Amino acid sequence: MLKQLCEFCGKSMGQPDVSYRMKIELYADPAPPEFTQEDLERDVKAEMEALFAQMESADAGEAEDEVYESYLFTLCGHCRGKVHHWLRERHEHLDDLGLD
Ligand SMILES: [Zn+2]
């Protein structure tokens, strides 16, 4: 049987270990940003032109990376537990702040 490596700690996993997959997706918020009066008074056309010029000069791959990134990790049970606790703590912290 093929052994798998935990991509966080490097542990070699085989029977009877359970391996876990963690998928991370990173992309721009599709919700439109809210405009303030100050935003509306800015020269949007000039800013858009400057942005497009910047995008054209940027490497195509680099621009794509900013739109959508996806990663898949293989974890051992120990690292899965660590990630789980970190995510839960982070979420509870945001709940406490009322930002979630
Ligand atoms: Zn691990």
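Throughout, read-outs are computed from the coordinates displayed, never taken from laboratory work. Only a predicted model underlies this, so the values are computations on that prediction, with no experimental measurement involved.
Here are the numbers:
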| quantity | calculated |
| --- | --- |
| Under 30 Å from Lys23, Cα to Cα: lysines that are on another chain or at least 8 residues apart | Lys3, Lys11, Lys82 |
| Cα-based shape type of the chain, given that a ≥ b ≥ c are square roots of the gyration tensor eigenvalues and the cut on a/c is 1.5 | oblate |
| Choice from Leu72, Leu40, Leu51 showing the highest fluctuation, given a GNM over the chain with Cα pairs closer than 10 Å | Leu40 |
| 5 angstrom amide H check on Leu5, placed H, neighbours 5+ away | Met13 |
| Helix-derived mean residue ellipticity, 222 nm - over the chain, DSSP H n ≥ 4, -39500 (n - 2.57), to 500 | -15000 deg cm²/dmol |
